[in-house]
Structures are given as C-alpha cells and as structure tokens.
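The structure appears below as structure tokens.
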C-alpha cells in the first residue's frame with residue numbers, strides 16, 4: 001500500500017474557531033476491544049478518552065489506565081512551549097498549544113500531530129501494537145536544527161471506562177522504579193500500569209504524586225458528572241534532535257511482552273499489518289476511499305479478551321474466536337450489529353476466515369432458538385432479549401456461503417438453523433413466535449425492547465413496537481426461504497416442504513395485511529398494543545432489500561418513493577418521517593432527551609445499505625446512480641472520528657454527527673455499498 005494519508009491542515013490565524021479541535025476525534029484500537037482515543041486538541045472531553053483503555057478479562061472489562069499526557073518543549077534559551085492541551089483546559093476560547101499545531105493527519109490510519117515551533121517541525125505519532133494492551137507515543141523532529149528538551153507528564157485514574165469521572169481515585173497510587181522500568185499500582189484488585197520512556201538521556205522526575213482536576217466537556221453536555229481527579233507520578237524528560245527521537249510506552253501487559261518490540265519494530269510491524277489488510281482486501285478496494293474504509297473496518301473486528309472458554313473451544317476445532325465491537329466508545333459486541341456488519345467488515349475486505357469464525361462462534365451460543373443480543377462489559381454470558389438478531393444470523397450466513405462457497409460451515413450450522421425455526425414456530429422467549437392464524441412473526445414483552453429500535457430509559461421503552469414489526473417479518477420470510485433452499489440442496493426435495501409452506505403463508509399474509517393504502521407505504525407494526533401502527537419508518541425497506549423480498553413487486557415503487565421523499569438524507573435514513581407528531585429533528589440533551597429522539601427522526605447511517613440494495617433492484621442495478629447516495633460520507637470522514645463514520649446524525653441539515661463516533665454497521669454498510677457500486 002502506498003502511503004494512505006488523510007490530512008487536516010490547521011492554522012490558528014486562518015481557523016478562527018477552536019471548536020473543530022475539540023469536536024474532531026481520533027481512534028486507535030488493539031484488536032482486543034481496547035483502544036486509545038481523544039480530541040485532536042488533546043483536551044479530554046469524554047470519560048472514554050484516554051491514551052490506553054485496556055481490554056481485560058472479567059470482571060474488569062475495559063479500563064481507563066492512562067488518561068492524558070501533558071507535553072512541553074524547552075528550548076536552550078529557556079523558552080517553554082506547550083504541545084496539545086493542559087489537563088484542566090475547559091474553555092473553547094483558548095487551547096494551549098493550538099497555535100503551534102499545523103496539521104493533524106491519519107497516516108495509514110495512525111494519528112499524527114505536526115507542530116511548528118520556532119523554526120522546528122516536530123511530529124507526534126500514536127500506535128497500539130496489535131493484540132496488546134499497550135500504547136506507543138513517539139516524538140521526533142522532522143526539520144530544523146539544534147537540541148530541544150521534551151517533558152512528558154502522564155496522568156491517570158484507573159477506572160472502568162463507563163464509570164463516572166467523579167469516582168474517587170483508588171488510594172494509594174504507588175510508583176515502583178526498577179532501573180528504567182516504571183510501574184504504577186493502585187491495589188491488588190486492579191491491574192498495574194507499566195511504563196518505559198525511550199530517549200537520549202531519559203529521566204523521570206518524581207513529585208511523589210500530584211493530583212489535578214479535569215473538566216470533561218462532552219460529559220457535561222450529556223448530563224453526566226463532568227469533573228474528576230487525575231494522579232501523576234511526575235514527568236519524563238529527554239533530549240530531542242535530528243538523530244534522536246523519544247517514545248513513551250505504557251501497558252498493562254507483562255514486562256516480557258512489552259519488551260518484545262522496540263519502538264521502531266512496533267511501528268514497522270503495525271504499518272506492515274495495515275498494508276497487508278488493504279492488500280488482502282478484494283480487488284475492488286484499490287482506490288483510497290475504499291482502502292481507508294478497510295482500515296476503519298479493522299477497528300471493530302476483535303478477539304474478545306475475556307472469553308477464555310470460547311478460545312479453548314474454538315482452537316480445539318481449529319478455529320479462533322472473533323467478534324465485532326458494535327461501536328466506540330461504549331458498545332460491546334452485539335449479535336444484531338455483528339450479523340448486519342459481517343458482510344461489510346469481513347467479506348468485502350477479504351477476511352473470509354474471520355467471518356467463518358464469527359458465525360461458528362455465535363452458532364455455539366444459540367439458546368432456545370435465539371442468538372445473544374449482546375455480551376455485557378466484563379461478563380462472559382450473553383443476554384438474549386432480541387427478536388431480530390437471530391434472523392439476521394440467517395442473512396449473514398447466506399452472504400458468507402454465497403461469497404466463500406463454504407458449504408461445510410453451512411452443514412455444521414444447519415441443525416441449529418432448523419432448531420431456530422422450530423422454536424420460532426412453537427414460540428420462544430419474550431413472546432417471540434409465529435402466529436398460527438396468519439403465519440407472521442410476533443414479538444414483545446413488557447419492559448423489553450426487542451427490535452433494533454431499542455431505546456430504553458429506566459422503565460420507559462421509547463419505541464416498544466410490540467406486535468408484528470415489518471422488518472421482523474421481512475427477515476422471517478427471508479430466513480424461511482434461505483432454510484428451505486439449503487435443506488433442499490443438502491437433503492433433497494422432501495426435506496423442505498414444511499418450511500416452504502411457512503414461507504408461502506407468511507408472504508401471502510404480509511402482502512395482504514402490511515399494505516397501508518391511505519399512505520401508499522407499509523405499516524410499521526401490526527396487531528400492536530394500540531392496533532396497527534402506520535408510522536412511516538425506514539423498516540419497510542427490508543421488505544424489498546433482502547435477498548428474498550417478501551413484498552410484491554408492484555408495491556416496490558410507491559414504497560421507495562415515500563422513503564426517498566420523506567426519509568432519505570445525505571447521511572442515511574431518518575428513523576421517522578418529519579410528518580409524524582413524534583418526530584424529533586435533533587439528538588441532544590441528557591439521556592432521557594437523547595433516547596426520546598434516538599429512533600424518532602434521528603438519521604442512522606447504516607440504513608443507507610438496505611436503501612441502496614432496494615434502489616438497485618428497482619433501477620436495473622444502476623450502480624453509478626446508486627453511488628451518489630454515498631457521497632455524504634466522503635466529507636464526513638473529516639469530522640467527528642476522523643477516518644470513520646458516526647452512529648447517528650441529526651435529522652435536519654447540517655446533519656450534525658451524534659452518538660458513537662465510530663460505528664461498526666455504519667462503516668460496514670458504507671464500505672459494502674462502495675464496493676458494490678464501484679464504477
């Protein structure tokens with residue numbers, strides 16, 4: 001791969017507002033679910049920001065281990081210059097160091113900051129060695145002469161990454177020094193942070209532990225505790241010149257692992273890994289935009305750190321464990337998100353083996369005809385409160401078999417699929433089951449949100465959608481058709497007769513009952529608590545987009561016309577038509593206000609995928625025409641999480657990005673459609 005660079009130049013004189021330095025963020029992941037992330041400015045605005053968030057076995061889960069670095073340059077004449085931000089910076093009017101920043105860029109997906117200081121150009125680069133809870137932060141002079149002194153002060157607050165920032169510091173934090181090995185511990189029940197500082201004449205000046213208060217701007221906006229303390233053991237110092245750079249290494253790994261790679265070796269290895277990712281992707285990924293998406297997709301595919309039993313079981317059969325982080329920063333791995341994302345993240349990127357591992361891992365977790373909805377942070381067992389994730393499992397398997405031809409995996413999972421359908425016909429948890437009167441699938445239980453529109457605040461389920469949801473029944477019909485075909489191919493004509501009857505009955509009932517004549521589109525839910533729900537939502541697109549469309553062909557055009565006119569935006573589909581009285585144009589405020597808007601108008605980027613699938617069916621596979629629907633994401637790669645796609649957007653211009661800064665199914669569906677619609 002040639003150098004793959006996304007550059008964001010910066011000039012304090014030209015760029016009058018400092019807001020972009022606070023609202024643009026970066027993300028680096030380690031393949032375990034751990035990550036490093038922050039604002040471009042260095043100001044820590046979220047509880048989830050940090051230079052090292054380690055993914056640790058249960059009961060810990062992901063923990064913030066290194067929160068912040070305060071960096072100063074000392075010139076021979078005594079001049080001191082701040083890089084990035086001070087820990088306590090909370091005003092958007094002034095960010096120390098902003099005047100010296102000349103560029104932020106992603107170089108092969110890795111964040112690089114370029115500073116121009118008194119005739120010297122200095123660059124800072126951050127990486128995480130793959131499959132390690134380790135971070136490397138490198139500083140080097142790229143132009144200019146003379147020697148400078150670099151001072152780097154690490155600050156920390158060991159806590160679960162979702163914990164309130166106001167949580168008390170664990171006491172006492174103890175620094176242990178053994179030669180050039182530095183270790184900070186805070187009690188037997190917490191992991192230790194180990195640090196090395198590579199540099200010419202490197203030293204640590206200990207101040208016996210200092211404490212600073214930090215203001216978390218975005219946490220304040222979101223209605224959470226926004227002030228917390230950080231502890232620092234002191235500061236590292238080293239000389240920088242044209243011949244000597246410096247690297248801070250921080251890790252929760254054993255010393256043997258940390259010392260296995262010198263900084264240059266770690267950098268070379270990570271860049272080579274990324275080069276191979278792009279090179280191994282399907283031939284369609286030769287252009288820069290798709291290559292960037294390949295690297296973005298890599299951030300979500302992980303080996304879960306705490307699933308020791310899963311790993312042992314998988315390796316015994318020649319597999320490895322893989323799953324998908326649904327979004328950064330706060331999501332874990334979710335069944336629905338994994339199955340929807342599988343094609344884009346793995347099959348569109350040539351990672352076919354990992355796709356198979358994911359499918360076989362989830363097949364093991366089938367219980368009572370369901371796959372897990374999610375695996376909670378720091379826990380080994382999944383939760384099963386979902387009506388659609390299992391049906392998406394059929395779709396993901398179909399895409400996998402169609403692309404790889406791996407019939408062996410299909411045969412291995414086929415008994416599970418039959419059992420799933422049996423459970424759905426008889427009825428399973430959460431009142432999920434086929435209605436014997438019409439063959440449609442119903443679901444719903446008080447206090448649970450079982451579809452993808454799953455916002456819940458305390459006991460309030462915002463969009464319960466209990467009854468017969470339109471996309472659930474589109475997925476139900478698709479699953480029945482897929483199973484019928486697989487049984488016929490593997491076991492002969494007589495094996496699939498009953499399944500074919502279920503499918504035919506579901507299709508007839510769907511077309512008879514879901515058409516909303518007055519609106520010219522499909523009901524969202526039938527037989528709900530308040531009768532039939534005619535809300536105009538994007539869920540109806542799945543009745544056309546799936547490989548086995550349940551909706552009769554003569555209704556495709558009116559449905560797509562309504563969806564395009566009322567729901568389509570440059571960043572995806574609105575979750576509710578603006579004509580609805582429940583429509584919310586913006587997603588903002590505290591948790592209750594945000595969840596009230598989450599599926600009531602808010603735009604979801606991932607829905608552009610099924611929209612394009614349906615549009616192509618209706619427009620003779622006009623890939624050039626379909627590609628225009630993806631154009632909004634090109635400029636978005638320069639905002640929010642640079643190089644990735646956000647979870648959601650406001651429903652009206654300027655379509656401000658919201659929610660998670662990087663979302664698996666957003667990236668997956670954009671990438672899949674970019675490949676599908678390439679010229």
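Grab the helices (runs of 4 or more DSSP H) fully contained in the stretch 220-318, keeping just those with 3 or more residues being modelled with pLDDT of 95 or more, within 26 Å of residue 65 (Cα to Cα) and out of contact with any helix residue (DSSP H, G or I) (no Cβ under 9 Å at 6 or more places or on another chain).
Values: elements: 255-258, 263-280, 288-298, 308-316.
Passing ranges, in order: 255-258, 263-280.
Out of 513, 507, one residue alone is farther than 23 Å from residue 582 by Cα, assigned by TED's automatic domain parsing to the domain that holds residue 445 and in contact with a strand residue (DSSP E or B) (Cβ under 7 Å, 6 or more places away or on another chain). It is 513. Candidates 492, 519: the one that is closer than 23 Å to residue 466 by Cα, surrounded by fewer than 18 Cβ atoms within 10 Å (Cβ to Cβ) and over 34 Å from the mean Cα position of the chain (by Cα) is 519.
The condition of being within 17 Å of the chain's Cα centre (by Cα), surrounded by fewer than 20 Cβ atoms within 10 Å (Cβ to Cβ), in contact (Cβ under 8 Å) with a residue 12 or more places away in the chain and over 22 Å from residue 173 (Cα atoms) holds for only one of 46, 24, 6, that being 24. Would the stretch 572-582 turn up any residue that is more than 14 Å from residue 470 (Cα to Cα) and without any contact (Cβ under 8 Å) to a residue 40 or more places away in the chain? Yes; the residues of the stretch 572-582 include at least one that is more than 14 Å from residue 470 (Cα to Cα) and without any contact (Cβ under 8 Å) to a residue 40 or more places away in the chain.
Looking across 468, 437, one residue alone is in contact with a strand residue (DSSP E or B) (Cβ under 8 Å, 6 or more places away or on another chain) and modelled with pLDDT of 95 or more. It is 468.
Here residue 448 fulfils each of the conditions (1) in contact with a helix residue (DSSP H, G or I) (Cβ under 9 Å, 6 or more places away or on another chain); (2) free of Cβ contacts under 8 Å to residues at least 24 places away in the same chain apart from (2). Residues being within 30 Å of residue 587 (Cα to Cα), surrounded by fewer than 18 Cβ atoms within 10 Å (Cβ to Cβ), in contact with a strand residue (DSSP E or B) (Cβ under 8 Å, 6 or more places away or on another chain) and in contact (Cβ under 8 Å) with a residue 24 or more places away in the chain are represented in the stretch 214-231 by at least one member. The set of residues in the stretch 107-127 that are touching a helix residue (DSSP H, G or I) at 6+ places or on another chain (Cβ under 8 Å) and under 20 Å from residue 300 (Cα atoms) comprises 108, 109, 110, 127. Just to be sure I understand, how many residues within the stretch 632-661 are surrounded by fewer than 20 Cβ atoms within 10 Å (Cβ to Cβ) and either touching a strand residue (DSSP E or B) at 6+ places or on another chain (Cβ under 9 Å) or more than 29 Å from residue 455 (Cβ to Cβ) (or both)? Number satisfying all stated conditions: 9.
Looking at 614, 596, which one is over 21 Å from the mean Cα position of the chain (by Cα), surrounded by fewer than 23 Cβ atoms within 10 Å (Cβ to Cβ) and assigned by TED's automatic domain parsing to the domain that holds residue 631?
On the way: 614 fails: surrounded by fewer than 23 Cβ atoms within 10 Å (Cβ to Cβ).
One residue alone meets the criteria, 596.
Residues that are in contact with a strand residue (DSSP E or B) (Cβ under 6 Å, 6 or more places away or on another chain) and loosely packed, with under 14 Cβ neighbours inside 10 Å were ranked within the stretch 143-184; the one that is farthest from residue 195 (Cα to Cα) is 143. Candidates in the stretch 406-430 are the residues that are out of contact with any strand residue (DSSP E or B) (no Cβ under 6 Å at 6 or more places or on another chain) and outside any helix (DSSP H, G or I); of these, the one that is surrounded by the most Cβ atoms within 10 Å (Cβ to Cβ) is 428. Set side by side, the residues 579, 564 differ, and just one is assigned to a helix (DSSP H, G or I) and surrounded by fewer than 16 Cβ atoms within 10 Å (Cβ to Cβ), which is 564. Taking the numbered list (1) over 23 Å from residue 194 (Cα atoms); (2) more than 25 Å from the chain's Cα centre (by Cα); (3) touching a residue at least 40 places away in the same chain (Cβ under 8 Å) in turn, residue 312 passes all entries but (3). Residue count for the stretch 383-405 satisfying the condition of being surrounded by 19 or more Cβ atoms within 10 Å (Cβ to Cβ), farther than 18 Å from residue 352 by Cβ and within 20 Å of the chain's Cα centre (by Cα): 4. Take the conditions (1) closer than 26 Å to residue 414 by Cα; (2) under 36 Å from the mean Cα position of the chain (by Cα); residue 497 misses just one of them, which is (2). Against the condition in contact (Cβ under 8 Å) with a residue 24 or more places away in the chain and under 26 Å from residue 54 (Cα atoms), how does residue 368 come out, does it pass? It is false that residue 368 is in contact (Cβ under 8 Å) with a residue 24 or more places away in the chain and under 26 Å from residue 54 (Cα atoms).
Taking residue 196, is it at pLDDT 90 or above, assigned to a strand (DSSP E or B), surrounded by fewer than 17 Cβ atoms within 10 Å (Cβ to Cβ) and under 36 Å from the mean Cα position of the chain (by Cα)? Spell out how you get there, then give the answer.
Working: at pLDDT 90 or above: yes; assigned to a strand (DSSP E or B): yes; surrounded by fewer than 17 Cβ atoms within 10 Å (Cβ to Cβ): no; under 36 Å from the mean Cα position of the chain (by Cα): yes.
The answer is no for residue 196.
Those residues that are assigned to a helix (DSSP H, G or I) and surrounded by fewer than 24 Cβ atoms within 10 Å (Cβ to Cβ), I need them from the stretch 326-356; list them, please. Steps first, please.
First pass over the stretch 326-356, keeping only residues assigned to a helix (DSSP H, G or I): 335-345, 347-349, 352-356.
The answer is 347, 352, 353, 354, 356.
Show me the strands (runs of 3 or more DSSP E) found entirely inside the stretch 81-136 where at least 2 residues are at pLDDT 95 or above and within 25 Å of residue 231 (Cα to Cα).
Hits in the stretch 81-136: 120-127.
Hey, among 442, 488, which residue is within 22 Å of residue 417 (Cβ to Cβ), assigned to a strand (DSSP E or B) and not assigned by TED's automatic domain parsing to the domain that holds residue 594? Walk me through how you get there before you give the answer.
Working: 488 fails: assigned to a strand (DSSP E or B).
Going through 442, 488 in turn, just one is within 22 Å of residue 417 (Cβ to Cβ), assigned to a strand (DSSP E or B) and not assigned by TED's automatic domain parsing to the domain that holds residue 594: 442.
Here is the figure for the stretch 102-114: residues that are surrounded by fewer than 23 Cβ atoms within 10 Å (Cβ to Cβ) and closer than 24 Å to residue 75 by Cα total 5.
The values are calculated or read from the model by the stated rules, or taken from the named source; none is laboratory data. The structure presented is a predicted model; accordingly, all values stated were derived computationally and were not measured. Please note: Cβ atoms are built from the backbone with ideal geometry, for glycine as well, and neighbour counts cover all protein chains shown.
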